[in-house]
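Below is one structure, written out as C-alpha cells; comments come after it.
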Amino acid sequence: MKPLCFEGYYRRRFARVKEFSCDQVEVVLDKFLEQFCNQWLEEEFEVQSRSRYYERTDDRADYRNGHYRRSLLTARGRVHVDVPRGQKGHYTFSLFKKFKRKTEHFEAVVIEALLNGHSSRKASQFFGKLFGAGTISHQAAVTTLRKFDSELQRWKTRPIKDNAVVLVLDGVWLKGVIPYLKCAKPVLFAYAVYPDGTEEVLDFELARGESEDGWCRLCQSLQQRGLNNVRLIVHDDNEAIAQAAGFVWPKALDQACVFHVMQNFTKKLAGCRDKRKLIDDASELYKAKNEEEFYRLAQKFKNRWLKYRYHPAMKYLFGKLADTIKYFELPEKFWEIAKTSNRLERLFEELKRRIRVFRRFPNPASCKRWLYALLTQQKRWNNSWLLCESQQSS
C-alpha cells in the first residue's frame with residue numbers, strides 16, 4: 001500500500017493542475033483542493049478496508065457501498081467531497097471530525113470577525129459574499145463561541161499566584177447580566193500586577209450591584225484560589241470595595257484612584273471661575289517624587305487658593321489626599337500602575353466597543369462567554385504588541 005496523499009505526494013498531484021494555468025487561479029486552486037480532499041478520503045478508505053478499488057485479495061476487510069455527499073466549510077470556502085461507504089462497518093476519516101461541518105480554522109476566522117465588532121448577521125452576510133450564499137447562518141456564527149465554555153470553566157477555577165503587588169478592583173455596567181432585567185448591572189473585575197511585572201485579569205463576577213456582599217464574594221474567591229498576599233489595592237471612590245478588600249486582605253494598602261478623585265473634584269468645581277487653574281494646580285501635586293514633596297506642594301496649593309478654602313471641592317480634595325498617595329510605599333516602577341484604575345478602565349472601553357453592535361446579552365451565560373472570549377483575544381493582541389516592541393528595541 002502506498003503512503004497516503006497528504007504525506008508528501010502533493011507535488012506530484014499538483015503538477016497535473018498546471019495544464020489549466022490559463023484559467024483563473026482561484027478556480028484552479030479550488031478544483032485542486034476538492035480533488036485533493038476526495039483522494040485523501042479514498043486512500044484512507046483503502047487503508048482501513050485493506051484493499052484497492054476492484055482489487056481481489058484475501059486480506060479484504062470490507063466491500064464498497066457507494067459514497068455519500070458531504071460539504072465542508074474551510075477558510076478557502078465550501079468544499080464538496082464524496083465520502084466512501086462500506087457494507088459492514090463505519091469508517092473514521094482524519095479530514096473531518098464526526099458531526100463537524102466546519103474546520104477549526106474556519107471557526108477561528110468567524111470568531112475573530114465577531115470579536116472584532118461585527119454583528120452575527122453582518123458576519124453571515126460577509127462570509128456569504130466571500131464563499132457563497134448560505135455559508136453560515138447568523139445563529140451558527142454565534143454558536144461557534146460556545147467552544148469557549150469549557151475553557152471558561154477551567155479559567156475561573158485555575159490556581160492564582162499568592163503575591164500581587166497591585167490589585168485593581170473595578171466594575172463595568174452591561175445590559176443582560178441578570179436575566180429578565182432590562183437595566184444594566186455590573187460585572188466585577190479583578191486585575192493583578194505581580195512583582196516580576198506580569199499583569200493579568202484574575203477573574204470577573206456577574207452581580208446585581210456593586211455592594212459590599214458582591215465584592216466580598218469576588219475577593220474571597222480570589223483568596224481561596226491562592227491570592228493571599230496583596231501589597232496595595234486600587235479602586236474608585238466606592239466604599240463597598242474598600243470595606244470588602246479590607247476584610248479579606250487587612251494588611252493591604254488602600255489606594256484611592258487618582259483619576260476618579262480628580263474627576264469628582266472637577267465636578268464639584270462646576271461654576272467656579274478659576275476651575276481650569278485649580279484643576280491644573282491640583283494635578284501638579286501628583287508629579288511629586290516622594291511623600292514629603294507631595295505634602296509640601298499641597299501646602300503651597302492650599303496657601304495659593306485660600307479664598308476657596310471653604311469650597312466643597314477643596315474640602316473633598318484635602319479629605320482624600322492621604323488616600324491617594326499610598327503608592328509611595330511601593331517601588332517606583334509600580335507608581336504609574338498603582339495611581340489609578342486605568343488598566344481596567346481601558347479594558348472596559350475596549351469591551352464596550354466590541355459588544356456595542358448587539359447592545360445587550362440574551363442571558364448571563366452568553367455574557368460570560370463573550371467576556372472571556374474578548375479577554376483571550378485582548379491577551380493575544382497585547383502579547384503580540386509586546387513582542388513587536390521587544391524586537392524593535394533589540
Can you tell me which residue in the stretch 256-287 is nearest to K339 (Cα to Cα), limited to those that are free of Cβ contacts under 8 Å to residues at least 12 places away in the same chain and not basic (K, R)? Q263
Anything in the stretch 291-338 that is in contact with a strand residue (DSSP E or B) (Cβ under 8 Å, 6 or more places away or on another chain) and either under 17 Å from D280 (Cβ atoms) or surrounded by 15 or more Cβ atoms within 10 Å (Cβ to Cβ) (or both)? List them, or say none. K320, D323, T324, K326, Y327, L330, F334, I337, A338
Filtering the stretch 34-64 down to residues that are touching a helix residue (DSSP H, G or I) at 6+ places or on another chain (Cβ under 9 Å) and part of a helix (DSSP H, G or I) yields Q35, F36, Q39
Within the group G226, G246, which residue is part of a loop (DSSP other than H, G, I, E, B) and either farther than 16 Å from F328 by Cα or of a type in the set (G, A, S) (or both)? G226
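We did not get these values from a lab; they are worked out from the coordinates using the rules stated. In this text, all values refer to a predicted model and were calculated from it rather than measured experimentally. FYI the Cβ positions are ideal-geometry reconstructions off the backbone, even for glycines, and counts take in every protein chain you see.
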